1. Which members of the stretch 19-67 meet the condition of being in contact with a helix residue (DSSP H, G or I) (Cβ under 8 Å, 6 or more places away or on another chain), hydrophobic (A, V, I, L, M, F, W, C) and either open to solvent by 30 Å² or more (accessible area, probe 1.4 Å) or closer than 23 Å to residue 78 by Cβ (or both)?
2. Which strands (runs of 3 or more DSSP E) does the stretch 1-108 wholly contain that include 3 or more residues that are of a type in the set (A, V, I, L, M, F, W, C) and touching a Leu at 6+ places or on another chain (Cβ under 8 Å)?
3. Is it the case that the stretch 40-48 has a residue that's hydroxyl-bearing (Ser, Thr, Tyr), within 16 Å of the chain's Cα centre (by Cα) and farther than 19 Å from residue 320 by Cβ?
4. Given the criteria under 28 Å from residue 62 (Cβ atoms), at pLDDT 95 or above and surrounded by 21 or more Cβ atoms within 10 Å (Cβ to Cβ), does residue 112 qualify?
5. I need the full set of residues from the stretch 280-292 which are under 11 Å from residue 28 (Cβ atoms) and within 19 Å of the chain's Cα centre (by Cα), in order please.
6. Out of 299, 268, 272, report the one residue that is over 29 Å from residue 329 (Cα atoms) and among the β-branched types (Val, Ile, Thr).
7. Return yes or no: is residue 252 at pLDDT 95 or above and out of contact with any helix residue (DSSP H, G or I) (no Cβ under 8 Å at 6 or more places or on another chain)?
8. When the stretch 292-320 is examined, which residues are found to be part of a helix (DSSP H, G or I), hydrophobic (A, V, I, L, M, F, W, C) and open to solvent by less than 70 Å² (accessible area, probe 1.4 Å)?
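The values are calculated or read from the model by the stated rules, or taken from the named source; none is laboratory data. Here the structure is a predicted model, which means the values were calculated and not measured. Cβ sites come from the backbone with ideal geometry, for glycine too, and all protein chains shown count toward neighbours. The area values use the complete protein model at the heavy-atom level, side chains included, leaving out ligands, DNA and RNA. Shrake-Rupley method; radii C 1.70, N 1.55, O 1.52, S 1.80 Å.
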Amino acid sequence: KYFIITLDAEGDNIWEKRNETEVNNSKYLPRFQELCEKYKFKPTYLTNYEMAKSKHFIELGKSILANNTGEVGMHLHAWDNPPIYNLTAKDWEYHPYLIEYPHDVIVNKVELITNLLEDTFQEKMLSHRAGRWAFNGEYAQILSDFGYKIDCSVTPGISWEKNKGDPAREGGSNYRDFPSEAYFIDINDISQVGVSSLLEVPMTIYPLKNIHPKRSKLISITNKILNKQKIIKNILNKDLPAALRRIFPEYVWLRPNINNLKMMKNIVNQSVIDDRNYIEFMIHTSELMPGASNRFKTVDSIEKLYNDLENLFHMISKHFIGITLKEYYIKNNFNSST
């Protein structure tokens, strides 16, 4: 059984949608890398354009590759990855999905970031995660054409359709009915097992009801009350359900926030019970720096994060072996028929 750590290696405060992006969080990554190595875990840094230009990240990445203590892969933010193409009047504000751009623009953007990463690290890029989790068959085929072997953009059970990119388009990808374990994708329908050369390694996400039945029952009861009480519904429907979804989400991820250590440990325990072949953890590199994300704003919150990670990683090390995405592909002897 394998533990896959993925980091979206990107700039500071991406959520604030600034016109210019800094990468100060690159200076905070050695601490995380040291924690991973303590437990013999090997993180995969899925790297976007601005991080690929950071001297601090380049130094760390080259060291990781030289010591075989991790992997560098690709992560693409369409709005600021050259060549720049203005899809909307304010791409820097709307953060359009790559899959919303014209085909030739997508190809050119993938080509540029792939060449940049491979020239910088002298290593073939094999692993990928889409910016804002937006993925489709066209994108999958382009990745395959550039020699990528692994994608980890799928978030099983989650739909991003309400999250707009280009405000004139239909929103993000819908992964409601996608598999929750690794599979070779069908390019014509990426929710189905196929014979392409691209292995999908979905995020580890569980329905809350599978992890915490009592909380799930509380949500159900509260929603029934709201549905029956028209006055309450008219006053609070927009705010209270949203607040409840934040406290009691329909799905839970192996991904840290400020107060979910117990939930993450429940996910690990359930994965062991379910005899899952792997579990996949994710975090943004900016979440490892105080004030560089909307979750971990203070030094104290970062210290709590590391205390939680220490606790979580110690538990995981009893059941799972650390592995990169590339190694997961190789170790399991995954071979497509094409």
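1. 23, 51, 52, 57, 58, 65, listed by residue number.
2. Ranges flagged: 2-9, 71-76.
3. yes
4. no
5. 285, 286, 287, 288, 289, 292
6. 299
7. no
8. Listed by number, the residues that qualify are 302, 305, 309, 312, 313, 315, 316.
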